[in-house]
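So the structure is just underneath, and the comments pick up after that.
The values are calculated or read from the model by the stated rules, or taken from the named source; none is laboratory data. Since we're looking at a predicted model, the values are computed, not measured. In this analysis, Cβ positions are derived from the backbone assuming ideal geometry, glycine residues included, and neighbour counts consider all displayed protein chains.
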Amino acid sequence: MTPSTRDYFVFDDLLYDDPARAEHDWLTDILQNHLGVKVHFLEQMLVEALAAASGDERKALIAQVSRLEQGMPPVEQRVGQLEVLVRWFEGQGWPQYTLDPVGHPHAAAPGTLPGSLATHPTKPPRAESPPLRNGEGFDYSQYRLESWSNARDYPALAEELIQGIEAWVDNPPDGRWTMDDGRLSPGAAGTASDPHRPSSIVHRPPQASGTPSALDYAQAGDVDTLRRFVEGRLFYLTPVPNLMFVDDVASVVNDRLLLSRMAVPGRAREPLLLDFIQRNHPRFKGTSCWTWRDEGMDELRWQAGPSPLHLEGGNLVQLREDLLVLAVNQRTSIEAVQRVADTWRADALKTGKKLILYVLRLPTGLIHLDTVLGVISHEDCVVYSPVFEPYGPASVDVVRAELGEGPVTPTRSADFFGSLRDDGIDLKPIPCGGEEPVDQQREQWFSACNLLAVAPGKVITYRSTERTIEELARRDYKIIDITEVQTGTVKIDLDSPGKWALKIKGSELSRGHGGPHSLVMPLARDR
Amino acid sequence: MTPALRHDLLFDDILYLELAKHEHAAFRKLLSAIGPGTEVVDAADLLRGILEEEEIRRSLVDSVCRLYAVPGVEPGDLRREMLDAEPGQLAAWLIEGKPDQGRHTWLTSYLSDMPFQLPPIPNLMFMRDPCAVVGNGLVVGHMAFPARQREALLMRYIYMHHPLAGGGSRPPVWFDKPSPYGIEGGDPIATEATIEGGDLLVIRSDLLLVGVSERTSSQAIDLLARGFARLRGPVKTIYAVIMPRQRSTMHLDTIFTMLSHEDFLVYPPLIMPGGGEQVGIVRISINNDGTTHLEPVRKSLVACLEEELGRPLNPIFCGGTSRLYQEREQWTDGANAFALRPGLILGYERNEQTYLALQAAGYSVIPEGDIVRWHIGGGDRRWVVNEALAEEIRTHPERKYAIKISALELSRARGGPRCMTMPLVRDA
């Protein structure tokens, strides 16, 4: 990620990678080694799924990932058109790139060279062999991913599907820019020999006849390279850094999964990877865990842009086996909620178990329900108070519906917790940040409501949410610092009675605006 | 600061206050530990000092009230409360802001995102910008964004009145904008003039680089040149460096800083020949008769300075040779190092590729924690200085050191070590 691309990746600021990795490792260490939770790593599962999948499945994933990437203008241009993004967020579509359903979207984008037009799929097959020619129609990222696949180097393939492929632009001290020429032989270089280069950079431009100039590339017909050079484009394939917030990509509903369809273009690839894992990982093989997913994503021409079926896992909170809360906002569309509700109603009719669904319309600016509502035990939840105050200037609109026999009759209410009490769920809201509006706003920003309950009354939260931690302490939560657990001064477990809140370091992790809850997707809970 | 206010207050993200304070304290400790004969003074302390004097307090409070009108706050009430406050309390309000404590008499203030009667000025941590020392005189900043205007006002008062900051003797002022808090200015040149210290680089006592940037306008540089001419200031040559007006390169010192007599940290895309977005350069000479002469220069900045200084210079690349890392590390102030003395520099630890480039250029790279660290143990909490190492650094002016500062939070505020400091007197 770079400063010019951070808006595309929906980060307010860049992460300092090493501390971010360390903070993440500490969190997994706590879960695995101190709490005895079995942790599955998404990248590892992707590697295993890639290894277990058929060649056609892999080819289809790669084709779709590449197609998705081409379906949008280069990141730097996308960032340059922020007003377009704003329009798109406001639900007005993304007209420049979706007017022509058949032609390549680049054709509509000003300032791109026509030679960069890529493949036009005529039918939507799952597996289509990509043209591996140089010049016209050549898609380097697809070629490169295919090469890893053919070489059976699945760790490298998984790594690049997540971390992207950097277009290495070099500015050596003599002032001449050079660039990666977009060719690769997998296995030849393997990993970077220079420890200071990212491992995804595995080869250098041919040096035999001196450093090739931009003109050389143009004369060789590699128009794409020239275009990237002139644009200063940084990625062949963009990374998906938000995949760290895995809870947004899918959510567990009872014993099944709800697959998200990300609203921001920079996250569109994430559900494809998860869907691939569920289809091909030996653990799931032959089953379908999805309670709902956007069927359109089976098509090669599935796009991130215009469809209204956005749904992100952070907007779903399950309160009881038969009671679910979904929020509608810029990340989750009402159309998607309607489809999910239809699916659940059909299920309810089949099983005879009725389902209560709350739909909350969140005020603008709040990206996910789990950033304002964190349920941490059968009695307690941490909330961003202004949103749940009935009739406040910024409060939610609450709709309740029963899905089952008979017609769906939604009712509206202003008091979320009051309405829940009528359904037999008595939650006492704890204000994040305490009573002061300034602290509430600051700590909501630091993901104070996005804490992870590892068991009822046992939570993990960022240490920067100090006032919220004070509120928890006042309610008999024992406050523990992560260093106390790491040094062995304090032991924690899931079984002993008593409530605790574990403070973890999150100076870097918190910058993506997700808390421990978003970083972890609980697959199975027994408490 | 709150998330809703962060863009108005010119931050991309909000800081985790406790850690930011800790990092700043470490930085301050480091400066006094390794700087030969360095005395570190805090602007807040100086401000408290001058507020002891009734006359200054009254005049400053009046200026602040003229500068600000927060919707829904009765200016008369605010003024009275400020005049009645203790100097310490008043100084805190002037810097940290005065919260509105939830008492609203106005609907506008109840519904507003601004929970302050007097907003805070968090950017004051970047001491470099509001008021800069050039030679024996001052360039009083006129800040480009309203969020920072009070900073310049406070610093102006401090420099003019505090004996430690040279006040009392009234230093010459090379630039002081006719501004909302001073003289009325109807001159179109004057109304457009904005200038911030981060755009000023003193290369030699008579040679100044000034960025024409998001924050500093050409009008201000014109007035500055005339200021030097009129007062017969030390500066005889100004190079105006014309930069893209964008947040990432807000000041000249975000793309170019001087490390020693030969070494410069540069952001290659803007500074190096063939970088792709090279800056434009105009040379302004100030003649002895008080006139100025303007001349566009068709050379790279490094070539200009080599000619001017008569020696070869060594540009060191912020972010190394990769474009991606150059962009990343420029953003986190990789090119913004603070030189305590020639060849002893401080930068943010996270700019790893920049440190590799510095190492290759002969700098010994030392993490801050090797010199100062926070000791906790046995009920004892204090800073511990590794005296042997600090002594070695202090007493070897010929050696080159690059100190890595931990700045997980400080780096969020879009300013580097150079921005956080303002050398009042230098002897090297």
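Is there a residue being out of contact with any strand residue (DSSP E or B) (no Cβ under 9 Å at 6 or more places or on another chain), small (G, A, S) and at pLDDT 80 or above anywhere in the range B:49-57? Scanning the range B:49-57, I find at least one residue that is out of contact with any strand residue (DSSP E or B) (no Cβ under 9 Å at 6 or more places or on another chain), small (G, A, S) and at pLDDT 80 or above, so the answer is yes.
Do we have B:A335 as among the hydrophobic types (A, V, I, L, M, F, W, C), part of a loop (DSSP other than H, G, I, E, B) and surrounded by 14 or more Cβ atoms within 10 Å (Cβ to Cβ) here? In short, yes. Within the range B:18-46, the set of residues being within 14 Å of chain A (Cβ to nearest Cβ) and without any contact (Cβ under 8 Å) to a residue 60 or more places away in the chain comprises B:E18, B:K21.
Looking at the range B:1-17 only, could you name the residues that are of a type outside the set (D, E, K, R) and at the interface with chain A (Cβ under 7 Å from one of its Cβ atoms)? Before the answer, list the steps.
Looking only at the range B:1-17, we keep the residues that are of a type outside the set (D, E, K, R), and these are B:1-5, B:7, B:9-11, B:14-17.
Passing the criteria: B:T2, B:P3, B:A4, B:I14, B:Y16.
Residues that are surrounded by fewer than 13 Cβ atoms within 10 Å (Cβ to Cβ) and part of a loop (DSSP other than H, G, I, E, B) within the range A:402-415 comprise A:E405, A:G406, A:P407, A:V408, A:T409, A:P410, listed in sequence order. Here the strands (runs of 3 or more DSSP E) wholly within the range A:447-527 that include at least 2 residues being crowded, with 19+ Cβ neighbours inside 10 Å and within 14 Å of another protein chain (Cβ to nearest Cβ) are A:458-462, A:499-504. Which one of these is more than 30 Å from A:K458 (Cβ to Cβ) and either out of contact with any Asp or Glu (no Cβ under 8 Å at 6 or more places or on another chain) or at pLDDT below 90 (or both): A:D29, A:D25, A:D7? One residue alone meets the criteria, A:D7.
When each of B:G280, B:G274, B:G310 is tested for being away from chain A (no Cβ under 14 Å), surrounded by fewer than 21 Cβ atoms within 10 Å (Cβ to Cβ) and either farther than 28 Å from B:Y401 by Cα or touching a residue at least 60 places away in the same chain (Cβ under 8 Å) (or both), the lone residue that passes is B:G280.
When only residues in the range B:355-377 that are within 14 Å of another protein chain (Cβ to nearest Cβ) and part of a strand (DSSP E or B) count, which is surrounded by the most Cβ atoms within 10 Å (Cβ to Cβ)? Even if it seems obvious, please write down each step before you answer.
Going residue by residue through the range B:355-377, those that are within 14 Å of another protein chain (Cβ to nearest Cβ) are B:355-361, B:365, B:367, B:369, B:374, B:376-377.
In the following step, the residues that additionally are part of a strand (DSSP E or B) were identified as B:365, B:367, B:374, B:376-377.
Details: B:V365: 15, B:P367: 13, B:W374: 13, B:I376: 9, B:G377: 7.
Once the filter is applied, the top-ranked residue is B:V365.
The set of residues in the range A:231-264 being small (G, A, S) and assigned to a loop (DSSP other than H, G, I, E, B) consists of A:G232, A:S260, A:A263.
Yes or no: A:V372 crowded, with 23+ Cβ neighbours inside 10 Å and not aromatic (F, W, Y)?
Numbers: crowded, with 23+ Cβ neighbours inside 10 Å: yes; not aromatic (F, W, Y): yes.
So A:V372 passes the test.
Looking at B:L270, B:L208, which one is modelled with pLDDT under 95 and aliphatic (A, V, I, L, M)? Result of the check over B:L270, B:L208: B:L270.
Would you mind finding the one in A:V382, A:V359, A:V399, A:V325 that is farther than 28 Å from A:P308 by Cα and assigned to a strand (DSSP E or B)? Lay out the reasoning, then the answer.
Details: A:V359 fails: farther than 28 Å from A:P308 by Cα; A:V399 fails: farther than 28 Å from A:P308 by Cα; A:V325 fails: farther than 28 Å from A:P308 by Cα.
Going through A:V382, A:V359, A:V399, A:V325 in turn, just one is farther than 28 Å from A:P308 by Cα and assigned to a strand (DSSP E or B): A:V382.
Which of the residues spanning the range A:493-510 are at pLDDT below 95 and of a type outside the set (D, E, K, R)? Step through it out loud before you land on a result.
If we filter the range A:493-510 for residues that are at pLDDT below 95, which is where we start, we get A:493-498, A:505-510.
Correct list: A:L494, A:S496, A:P497, A:G498, A:G506, A:S507, A:L509, A:S510.
Which of (1) under 19 Å from A:T465 (Cα atoms); (2) without any contact (Cβ under 8 Å) to a residue 60 or more places away in the chain does A:T487 not meet, given it meets every other one? Evaluating A:T487 over (1) under 19 Å from A:T465 (Cα atoms); (2) without any contact (Cβ under 8 Å) to a residue 60 or more places away in the chain leaves (1) as the failure. The single residue among A:D439, A:D423, A:D380 that is acidic (D, E), over 18 Å from A:I334 (Cβ atoms) and over 28 Å from the mean Cα position of the chain (by Cα) turns out to be A:D423.
With the structure loaded, tell me whether A:A20 is surrounded by 18 or more Cβ atoms within 10 Å (Cβ to Cβ), within 14 Å of chain B (Cβ to nearest Cβ) and either within 22 Å of A:L273 (Cβ to Cβ) or out of contact with any Pro (no Cβ under 9 Å at 6 or more places or on another chain) (or both) or whether it fails that test.
Values: surrounded by 18 or more Cβ atoms within 10 Å (Cβ to Cβ): yes; within 14 Å of chain B (Cβ to nearest Cβ): yes; either within 22 Å of A:L273 (Cβ to Cβ) or out of contact with any Pro (no Cβ under 9 Å at 6 or more places or on another chain) (or both): yes.
It is true that A:A20 is surrounded by 18 or more Cβ atoms within 10 Å (Cβ to Cβ), within 14 Å of chain B (Cβ to nearest Cβ) and either within 22 Å of A:L273 (Cβ to Cβ) or out of contact with any Pro (no Cβ under 9 Å at 6 or more places or on another chain) (or both).
With B:R412, B:R418 as the choices, which residue is of a type in the set (D, E, K, R), within 14 Å of another protein chain (Cβ to nearest Cβ), crowded, with 21+ Cβ neighbours inside 10 Å and in contact (Cβ under 8 Å) with a residue 60 or more places away in the chain? Going through B:R412, B:R418 in turn, the sole match is B:R412.
Here are some residues: B:H161, B:H104. Which one is surrounded by 20 or more Cβ atoms within 10 Å (Cβ to Cβ) and more than 19 Å from the chain's Cα centre (by Cα)? Full working, then the answer.
On the way: B:H104 fails: surrounded by 20 or more Cβ atoms within 10 Å (Cβ to Cβ).
Checking each option against the conditions leaves just B:H161.
Only one entry of B:V241, B:V302, B:V297 meets the criterion of being among the β-branched types (V, I, T) and crowded, with 22+ Cβ neighbours inside 10 Å, and that entry is B:V241.
A:A394 satisfies every condition listed in (1) surrounded by fewer than 16 Cβ atoms within 10 Å (Cβ to Cβ); (2) under 22 Å from A:A348 (Cβ atoms) except (2).
Considering each of A:Q440, A:Q444 in turn, give the residue that is touching a Pro at 6+ places or on another chain (Cβ under 7 Å) and part of a helix (DSSP H, G or I).
Details: A:Q444 fails: touching a Pro at 6+ places or on another chain (Cβ under 7 Å).
Among A:Q440, A:Q444, only A:Q440 is touching a Pro at 6+ places or on another chain (Cβ under 7 Å) and part of a helix (DSSP H, G or I).
Can you confirm whether B:P342 is more than 25 Å from the chain's Cα centre (by Cα), within 26 Å of B:L200 (Cα to Cα), away from every other protein chain (no Cβ under 13 Å) and in contact (Cβ under 8 Å) with a residue 12 or more places away in the chain? Step through it out loud before you land on a result.
Details: more than 25 Å from the chain's Cα centre (by Cα): no; within 26 Å of B:L200 (Cα to Cα): yes; away from every other protein chain (no Cβ under 13 Å): yes; in contact (Cβ under 8 Å) with a residue 12 or more places away in the chain: yes.
For B:P342, the condition - more than 25 Å from the chain's Cα centre (by Cα), within 26 Å of B:L200 (Cα to Cα), away from every other protein chain (no Cβ under 13 Å) and in contact (Cβ under 8 Å) with a residue 12 or more places away in the chain - is not met.
Does B:D77 satisfy being more than 22 Å from B:A339 (Cα to Cα) and part of a helix (DSSP H, G or I)? Here the answer is yes, as B:D77 does meet what is asked.
In this structure, is B:L9 hydrophobic (A, V, I, L, M, F, W, C), in contact (Cβ under 8 Å) with a residue 24 or more places away in the chain and over 25 Å from A:T468 (Cα atoms)? Walk me through it before giving the result.
Numbers: hydrophobic (A, V, I, L, M, F, W, C): yes; in contact (Cβ under 8 Å) with a residue 24 or more places away in the chain: yes; over 25 Å from A:T468 (Cα atoms): no.
Here the answer is no, as B:L9 does not meet what is asked.
Apart from one condition, A:E57 fits all of (1) at pLDDT 90 or above; (2) touching a Pro at 6+ places or on another chain (Cβ under 6 Å); the exception is (2). Scanning the range B:120-154 for residues that are within 14 Å of another protein chain (Cβ to nearest Cβ) and surrounded by fewer than 21 Cβ atoms within 10 Å (Cβ to Cβ) turns up just one, B:P120.
Inspection of the range B:361-371 finds no residue satisfying the criterion of being in contact with an Asp or Glu (Cβ under 6 Å, 6 or more places away or on another chain) and closer than 27 Å to B:R204 by Cα. Flag set for B:L324, criterion: farther than 19 Å from B:L410 by Cβ, surrounded by 15 or more Cβ atoms within 10 Å (Cβ to Cβ), among the hydrophobic types (A, V, I, L, M, F, W, C) and more than 24 Å from the chain's Cα centre (by Cα).
For every residue, the table says whether it meets (1) crowded, with 17+ Cβ neighbours inside 10 Å; (2) among the β-branched types (V, I, T).
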position	(1), (2)
B:F11	yes, no
B:Y16	yes, no
B:L19	yes, no
B:A25	no, no
B:S32	no, no
B:G35	yes, no
B:T38	no, yes
B:D42	no, no
